[in-house]
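Each remark here refers to the structure printed beneath this line.
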Amino acid sequence: MGRTVLVLGGGVGGVVAAHRLRRRLRSDDRVVIVDREAQHLFQPSLLWVVTGRRTPREIQRPLDRLARRGIEVLRGEITALDPERRRARVNGSEITADALVISLGADLDPGAIPGLAAGGHNLYSLDGALAIRDALAGSPGHRVVVLTAAPAYKCPAAPYEAAMLVNDIVRHRGGAVTIYAAEPGPMATAGPEMSKAVRAMVEGSGIAYHPDHQVASVNAPDRVLNFANGASAGYDLLIYVPPHRAPAVLREAGLVAGTGWVAVDPHTLATPASGVFAIGDATGIPIPSGKLLPKAGVFANRQAEVVAENLAATWAGSEPRHRFDGVGACFIETGGGRAGYGSGDFYAAPMPRMRLRAPARRWHWGKVLFEKQWLRRWF
């Protein structure tokens, strides 16, 4: 009789894990993926929605397409999770599995900052990206602010990319872009040299950068940001990255540790509960620098491959040999049809060992090609 693996979440990690498991497990084993959304959203391309280079249809795919690959797709809200019994409550019914792969991502919580949701547009949601696009196509005013509302968030390059791409649009109209960041430097999790290089890219584009500015509240009617250090700033258009937190169902299940995220083995992604793994943005993995591994799709993808291969080996009676090594890369859009490319080892001690390739057109087109290949491969 076959066994069942339940994949919670249809983002990058969940989709890759489900595909890999279906390919590697026996034909009578079930692979079930659960998500509350009908569409998979390829989030790296939200930046191109902002600039008008992509439509929602171009960066979404129906999750139901996975059924053609032998993956069962269940659309619904996960309201409870029992990791010890490997059991989830979905749409009022309980599903028990032989293994769980948790890939629920991070919840976005703009409501944690008074006035934030009413005062601006969320860069990390499709609705927010569309609203930013429409504002830029109209009359956004001269003062555009990109704000990170908390120091830790997924895709650490994204707000800096957004600032440079938006700057490309508004500077020709006499507008200016300013970044107010809760963190002390861009992409600090990648180490001081990478942070310094990205800051140079931003400021070299003519963008004013103000680190260590933790927003305390937003006066939406007057369009004013109020910071914890007593400073304030006006704006015409506010583009923000909201605070992130672990999904409530994971907190209630007792899976969230002192980091505020799910604790896993850094190499196997196993949680303390037998047969339960967690991957992607929901996890908090300390790295030798003292920070947490960045939350990024490239890591969710690689972690999904490791979990799927090891679980398949275990069920086949073999020794699981795959290990997640903390190696990753990302493109950094700088505007003008160019992008940089950063890659390296985040598990290196005492600091991540990184390399940044200078902005060039080939890296921009590399990102375009990656988007097309990824969506074609998995859907």
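The values are calculated or read from the model by the stated rules, or taken from the named source; none is laboratory data. This structure is a prediction, so every number in the text was calculated from the model and none was measured. Cβ coordinates were reconstructed from backbone atoms using ideal geometry, including for glycine residues, and neighbour counts include every protein chain displayed.
For every residue, the table says whether it meets (1) assigned to a helix (DSSP H, G or I); (2) touching a residue at least 40 places away in the same chain (Cβ under 8 Å); (3) among the charged types (D, E, K, R); (4) within 21 Å of Arg245 (Cα to Cα).
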{"position": "Gly141", "(1), (2), (3), (4)": "no, yes, no, no"}
{"position": "Val145", "(1), (2), (3), (4)": "no, yes, no, no"}
{"position": "Ile169", "(1), (2), (3), (4)": "yes, yes, no, no"}
{"position": "Glu183", "(1), (2), (3), (4)": "no, no, yes, yes"}
{"position": "Ala197", "(1), (2), (3), (4)": "yes, yes, no, no"}
{"position": "Tyr209", "(1), (2), (3), (4)": "no, no, no, no"}
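So, Ile33, is that one at pLDDT 95 or above, among the β-branched types (Val, Ile, Thr) and more than 24 Å from Ala296 (Cα to Cα) or not? Judged against the criteria, Ile33 is not a match. Scanning the stretch 62-72 for residues that are over 26 Å from Leu130 (Cβ atoms), of a type in the set (Gly, Ala, Ser) and more than 22 Å from the chain's Cα centre (by Cα) turns up at least one hit. Taking the conditions (1) of a type outside the set (Gly, Ala, Ser); (2) part of a strand (DSSP E or B); (3) surrounded by fewer than 20 Cβ atoms within 10 Å (Cβ to Cβ); (4) within 25 Å of the chain's Cα centre (by Cα) in turn, Glu94 satisfies each one other than (4).
Just to be sure I understand, how many residues within the stretch 299-321 are crowded, with 16+ Cβ neighbours inside 10 Å, without any contact (Cβ under 8 Å) to a residue 60 or more places away in the chain and either in contact with a Pro (Cβ under 6 Å, 6 or more places away or on another chain) or over 22 Å from Ala282 (Cβ atoms) (or both)? Total meeting the criteria: 1. Among the residues of the stretch 219-228, just one is crowded, with 17+ Cβ neighbours inside 10 Å and aliphatic (A, V, I, L, M), namely Leu225.
Number of residues in the stretch 322-344 that are assigned to a strand (DSSP E or B) and crowded, with 17+ Cβ neighbours inside 10 Å: the value is 13. Within the stretch 20-35, restricting attention to residues that are over 10 Å from Leu104 (Cα atoms) and acidic (Asp, Glu), the residue that is surrounded by the most Cβ atoms within 10 Å (Cβ to Cβ) is Asp29.
Assessment of the stretch 168-180 against the conditions (within 19 Å of the chain's Cα centre (by Cα) and on the phi < 0 side of the Ramachandran plot) yields no matching residue.
Of the strands (runs of 3 or more DSSP E) that lie entirely inside the stretch 229-292, those containing 2 or more residues that are more than 17 Å from the chain's Cα centre (by Cα) and buried (at least 18 other Cβ atoms within 10 Å of the Cβ) span 237-241, 276-278.
Under the condition of being closer than 18 Å to Tyr160 by Cα and either small (Gly, Ala, Ser) or not assigned by TED's automatic domain parsing to the domain that holds Leu21 (or both), the residues counted in the stretch 32-51 number 1.
Going by the structure shown, is Ser274 polar (S, T, N, Q) and within 29 Å of Arg23 (Cβ to Cβ)? Against the criterion (polar (S, T, N, Q) and within 29 Å of Arg23 (Cβ to Cβ)), Ser274 qualifies. Within the stretch 12-19, none of the residues are touching an Asp or Glu at 6+ places or on another chain (Cβ under 6 Å) and surrounded by 20 or more Cβ atoms within 10 Å (Cβ to Cβ).
Residue by residue, here is whether (1) among the polar types (S, T, N, Q); (2) in a loop (DSSP other than H, G, I, E, B); (3) touching a helix residue (DSSP H, G or I) at 6+ places or on another chain (Cβ under 7 Å) holds:
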site: Val5; (1), (2), (3): no, no, yes
site: Gly10; (1), (2), (3): no, yes, yes
site: Val15; (1), (2), (3): no, no, yes
site: His19; (1), (2), (3): no, no, yes
site: Arg22; (1), (2), (3): no, no, yes
site: Arg26; (1), (2), (3): no, yes, no
site: Val34; (1), (2), (3): no, no, no
site: Pro44; (1), (2), (3): no, no, yes
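All conditions in (1) buried (at least 19 other Cβ atoms within 10 Å of the Cβ); (2) free of Cβ contacts under 8 Å to residues at least 60 places away in the same chain hold for Gly2, with the sole exception of (1).
Residues that are of a type in the set (A, V, I, L, M, F, W, C), under 14 Å from the mean Cα position of the chain (by Cα), assigned to a helix (DSSP H, G or I) and more than 11 Å from Phe346 (Cα to Cα) within the stretch 293-314 comprise Val298, Ala300, listed in sequence order. Check whether at least one residue in the stretch 105-119 is in a strand (DSSP E or B), β-branched (Val, Ile, Thr) and buried (at least 21 other Cβ atoms within 10 Å of the Cβ), and report yes or no. No, there is no match, as no residue in the stretch 105-119 is in a strand (DSSP E or B), β-branched (Val, Ile, Thr) and buried (at least 21 other Cβ atoms within 10 Å of the Cβ).
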